[in-house]
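Inspection log for the structure reproduced underneath, given as structure tokens.
Please treat every number below as a calculation from the coordinates, not as lab data. Every value quoted in this text rests on a predicted model; they were computed, and no experiment measured them. Note that we place each Cβ from the backbone using ideal geometry, even for glycine, and neighbour counts take in every protein chain shown.
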Amino acid sequence: MNAELISALMQISKDRGISFEVLADAIEAALVSAYKKNYNTNGNVRANLDRETGKIEIWASKTVVEKVEDSMTEISLKNAKAVNPLFEIGDVLEEEADTKNFGRIAAQTAKQVVMQRIREAEQGAIFDEYAEKENEVLTAIVQRSEKNGVYVELGKTDGLIPFNEVIVGENYETNDRVKVYVLKVQRDTKGPQILASRTHPGLVKRLFELEIPEIQSGIVQIKSIAREAGQRTKIAVFSTDEQVDAVGACVGQRGVRVERIVSELHNEKMDIIEWDPDIAVYIAKALGPAKVTMVFINEAEKAARVIVPDSQLSLAIGKEGQNARLAAKLTGWKIDIKSQSQADEEYDDLGFGAQGEDGEDAADFDANELLDGIE
């Protein structure tokens, strides 16, 4: 029987991914609990399971007293000295307990403790595994949608996409497979609770890292991402190798690479922009697909005045200001966009024509002076 117990524990350890030592500790805790319940005692009891032979021993500590009032926790001086003549009143003697009278209730108690420890160990192992996956992308299987979010299956455990992390207008049908960004893994009484997102910019970042080999190798770097989930994303990339086109690597031949990412995001528009250390150039590129004529920089306030052709104004601003808003988020600069005709009128108000006093181009004026004058 003892050898069978060890064999059974080893099989459980293998099947459930729980260490053998954890299971052995659970057996010992169960035996202690069962012993105390069977004999209705709160005394100091310990159990030992031999990890090789499976032999089980239970030891109870008893205080040496002159007169025994509780035989489960006390032993007389006479009986203690029979074990060891050196025992005195107040000493503590540990002796092996008699387990022959363990009843059915004791066995049930032991089973409950073991099962509880196994569940706790499983939950702990799952928590440890998924805690390492925070800020990563996982494939989720949709289980059901409720008013507080979408519940999904994530392999060994379940997760929740909270309502505010769900893309507006995106439908989630049972058994649909979707990529999710793991926001947080936290402990719960029912096991690990995983909060995931479909709207976080990190989802786009991880998808590009998974899809683009040049990003995986570090040749192409993601510098910044600005996203309005379900509608449009701008992502700035940079190549550390002059022979590698950062934008081209992300787009792929005939757009096949970026198409896979866009498909996963249910046709969310994707603007891939080449990052530039020159902030004026970077801002001009960030406003794409609009064409930019001039960019005036105010370093102190991290603000830029951008001039575009009249025909490009609405494109530069975008529907409900989306393009300009995303460009500002991407670059981290405040951006004010003016059409060429609007800029010309403001120059006239300042006493200049389309060019400066000495015929020099407007772009050559001090940008800070120009912005101060206009504002």
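Remarks
- Summing charges over all other residues whose Cβ lies under 14 Å from the Cβ of VAL22, with Lys and Arg as +1 and Asp and Glu as -1, gives -2.
- R0 of 51 Å, Cβ-Cβ distance LYS14-THR174: FRET efficiency to nearest 0.05: 0.95
- Degrees between helix 322-331 axis and first principal axis of the chain (Cα, 0 to 90, nearest 10): 70 degrees
- Charge dipole magnitude, Cβ of K and R +1, D and E -1 - the chain, Cα centre, debye nearest 20: 2740 debye
- Each residue of the range 202-210 was assigned a 3J(HN,Hα) from its phi angle through the Karplus expression (A = 6.51, B = -1.76, C = 1.60, θ = phi - 60°), giving x, 4, 5, 4, 5, 5, 5, 5, 6 Hz with x at Gly and Pro.
- Centroid-to-centroid, using Cα positions, the range 290-336 and the range 23-70 are 75 Å apart.
- Residue order for MET115, MET270, fewest other beta carbons within 10 angstrom first, comes to MET115, MET270.
- Counting beta carbons within 10 Å around each of THR73, THR53 and listing the fewest first gives the order THR53, THR73.
- Comparing the range 200-275 with the 2.2 N^0.38 Å rule of thumb, its C-alpha radius of gyration ratio is 0.99 (two decimals).
- Rounded if a/c under 1.5, otherwise prolate or oblate - the range 139-199, Cα gyration tensor axes: prolate
- Helix axis angle, 20-39 relative to the chain longest principal axis, alpha carbon, degrees: 50 degrees
- Note on LYS111: lysines with a C-alpha under 21 Å away, same-chain residues under 8 apart excluded, are LYS14, LYS36, LYS37, LYS55, LYS100, LYS190.
- Seen from THR174, the other residues with C-beta closer than 15 Å to its C-beta sum to a net charge of -4, counting Lys and Arg as +1 and Asp and Glu as -1.
- With contributions of -39500 (n - 2.57) from each DSSP H run of at least four residues, the per-residue ellipticity at 222 nm computed over the chain stands at -11500 deg cm²/dmol.
- Candidate lysines for bridging to LYS133, where Cα separation is under 17 Å - those fewer than 8 sequence places away on the same chain excluded: LYS156, LYS179, LYS184, LYS205
- Estimated at 0.36 nm per residue, the fully extended path between ASN42 and GLU57 surpasses their Cα-Cα distance by 3.6 nm.
- Local electrostatic count, GLN221, Cβ distance below 12 Å [Lys/Arg +1, Asp/Glu -1]: -2
- The chain: most fluctuating residue of VAL64, VAL262, VAL281 per GNM, C-alpha cutoff 10 Å: VAL64
- Near-label residues of the range 156-185 by backbone N, under 17 Å of a point 7 Å along Cα→Cβ of SER263: 176-180
- Recomputing mean projected area of the Cα convex hull in nm² from the coordinates shown identifies the correct label among (1) 18.1; (2) 32.5; (3) 21.8 as (2).
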